[in-house]
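S.K.: Below is one structure. I have some questions about it.
The values are calculated or read from the model by the stated rules, or taken from the named source; none is laboratory data. Small disclaimer: the values here were computed from a predicted structure and weren't measured. FYI the Cβ positions are ideal-geometry reconstructions off the backbone, even for glycines, and counts take in every protein chain you see.
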Amino acid sequence: MKVTFPHMGHLWLILKTALEGIGLEVVVPPPCTRRTLELGVRHAPESACLPLKVNLGNFLEAKELGADTIVMAGGVGPCRIGYYAQVQREILRDIGCDYEMVVFEPPDVHFSEVWDKVKYLNRRPWQEGVRGVILAWQKACAIDLLEQELQRLRPREVKPGQADAVFQRALRDLDAAGSRGDIKRIVKRVKGEMAKIPRYTDRQVVRLGIVGEIYTVLEPLVNLHIERRLGALGVEVVRGLFISRWINDNLFKGLLPLPGHNPEKTAPPYLNHFVGGHGWESVGDTVTFAREGCDGVIQLAPLTCMPEIVAHSVMASVQEAKGIPIMTIYLDEQTGESGLQTRLEAFIDMLLWQKRRQAGKVYNGRGRNPCQETMPGCLRGQ
Ligand code: SF4
């Protein structure tokens with residue numbers, strides 16, 4: 001059995017460790033590229049969710065590398081996630097791509113089924129398998145910790161790209177790490193390397209929350225590397241969606257003391273119940289970011305994503321009540337880099353202007369124009 005899975009952000013590294021830990025041969029799908037998307041788009045229905053198309057591309061590329069079994073998560077709820085895996089199974093069968101599919105439905109709904117599937121996949125004595133899964137969890141926590149450091153550094157580094165290079169090396173090292181000790185050493189070393197990166201101390205940085213559907217938030221191909229673009233515009237990105245938190249919220253039911261989503265407390269009265277996907281969390285996180293003093297929020301969603309459309313419909317009320325600017329971006333295979341870049345620049349320019357106005361620094365036509373100070377991304381006063 002050669003297993004593969006969807007390649008979403010850094011999830012590949014965590015799944016690879018877990019599946020190898022239970023003794024399976026793993027074929028990691030190549031990182032998502034335009035080819036991945038084109039393959040998915042060619043075979044999926046036009047109206048299908050964008051993540052379904054990208055996943056399909058992942059599976060077709062993994063097939064070329066010899067994979068014969070797909071492990072993926074299913075879902076429940078009012079949106080299309082419930083029949084996602086079945087649609088993919090039919091499409092793959094129709095185009096003669098022979099795959100066995102093992103679909104994990106949410107454990108709180110189908111626990112015995114999940115257990116049966118774990119037993120079916122496991123090839124090792126239980127103790128060894130559990131050790132592999134714990135190692136994967138530790139890697140997830142390490143990646144998320146370093147990624148938050150990366151998000152803080154990007155808008156402040158003097159030479160753009162240095163922090164990203166360090167982070168990419170860290171991912172390679174974490175992939176090879178075989179024990180908790182290795183992971184700790186890598187985290188310590190990488191934090192040290194990041195601390196040495198020269199940075200501006202006097203730059204005015206915009207703090208921006210990112211919310212939305214998990215795939216569009218975590219997969220750089222789908223969101224056209226939005227976090228890197230924002231970093232270059234002088235924006236510190238914060239988000240509530242990280243793989244470790246998602247695992248803690250959904251698989252461990254929030255048992256571990258990690259910051260997680262709490263939409264039942266934060267989203268009302270704007271949205272009072274689960275609407276599928278991450279729609280409820282998008283509203284709750286937006287409220288949280290407003291309370292934490294973020295300058296703005298960007299909501300990311302695949303075109304036609306029902307839960308995010310519901311969330312979008314109440315964002316105007318959140319914006320008005322909390323006084324936080326919100327921009328929603330729908331993404332699909334037609335989304336172009338230039339259009340996205342223009343929208344980001346305009347939004348960040350507006351946030352910077354508002355920030356400076358609140359600080360009483362907007363030029364009133366008399367004396368020295370404060371907008372001519374070094375301010376990444378700001379075109380005012382030039
Ligand atoms: S959350 Fe959105 S993108 Fe994901 S399956 Fe549901 S409708 Fe599609």
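S.K.: Would you mention how many residues in region 299-340 are part of a strand (DSSP E or B) and either at pLDDT below 95 or within 16 Å of the ligand (Cβ to nearest atom) (or both)?
M.R.: So the first thing to find is which residues in region 299-340 are part of a strand (DSSP E or B), and the list is 299-302, 326-331.
Retained after the next criterion (residues that are either at pLDDT below 95 or within 16 Å of the ligand (Cβ to nearest atom) (or both)): 299-302, 328-331.
Going through region 299-340 one residue at a time, the tally reaches 8.
S.K.: If we keep just the residues of region 8-50 that are within 16 Å of the ligand (Cβ to nearest atom) and not hydrophobic (A, V, I, L, M, F, W, C), which is nearest to the chain's Cα centre (by Cα)?
M.R.: Among those that are within 16 Å of the ligand (Cβ to nearest atom) and not hydrophobic (A, V, I, L, M, F, W, C), it is Gly9.
S.K.: Still on this structure, please answer the following. Got a sec? Which of Ile95, Ile70, Ile81 is under 30 Å from Pro125 (Cα atoms), of a type in the set (Val, Ile, Thr) and out of contact with any Pro (no Cβ under 8 Å at 6 or more places or on another chain)?
M.R.: Numbers: Ile95 fails: under 30 Å from Pro125 (Cα atoms); Ile81 fails: under 30 Å from Pro125 (Cα atoms).
Exactly one residue qualifies, and that residue is Ile70.
S.K.: Within region 215-234, track down each residue that is away from the ligand (no atom under 16 Å from the Cβ) and touching a residue at least 40 places away in the same chain (Cβ under 8 Å). Working first, answer last.
M.R.: Quick first cut of region 215-234, residues away from the ligand (no atom under 16 Å from the Cβ) only: 220, 224-234.
Within region 215-234, Pro220, Leu224, Ile226, Glu227, Arg228, Arg229, Leu230, Gly231, Ala232, Leu233, Gly234 qualify.
S.K.: Related question: How many residues are surrounded by fewer than 17 Cβ atoms within 10 Å (Cβ to Cβ) and either free of Cβ contacts under 8 Å to residues at least 12 places away in the same chain or within 21 Å of Gly277 (Cβ to Cβ) (or both) when one looks only at region 56-72?
M.R.: Residues in region 56-72 being surrounded by fewer than 17 Cβ atoms within 10 Å (Cβ to Cβ) and either free of Cβ contacts under 8 Å to residues at least 12 places away in the same chain or within 21 Å of Gly277 (Cβ to Cβ) (or both): 1 in total.
S.K.: Hey, can you tell me all the residues within region 92-116 that are within 15 Å of the ligand (Cβ to nearest atom) and modelled with pLDDT of 85 or more?
M.R.: Passing the criteria: only Val103.
S.K.: Moving on. Which residue out of Glu227, Glu236, Glu264, Glu281 is of a type in the set (Asp, Glu) and under 19 Å from Ser338 (Cα atoms)? Reasoning before the result, please.
M.R.: On the way: Glu236 fails: under 19 Å from Ser338 (Cα atoms); Glu264 fails: under 19 Å from Ser338 (Cα atoms); Glu281 fails: under 19 Å from Ser338 (Cα atoms).
The match here is Glu227.
S.K.: Are there any pairs with C-beta distances below 6 angstrom linking a residue in region 297-320 that is among the hydroxyl-bearing types (Ser, Thr, Tyr) to a residue that is away from the ligand (no atom under 16 Å from the Cβ), with the two at least 6 apart or on different chains, and if so which?
M.R.: Ser317/Tyr270
S.K.: Return a yes/no flag: does region 126-141 have any residue that is among the basic types (Lys, Arg), at pLDDT below 95 and on the phi < 0 side of the Ramachandran plot.
M.R.: yes
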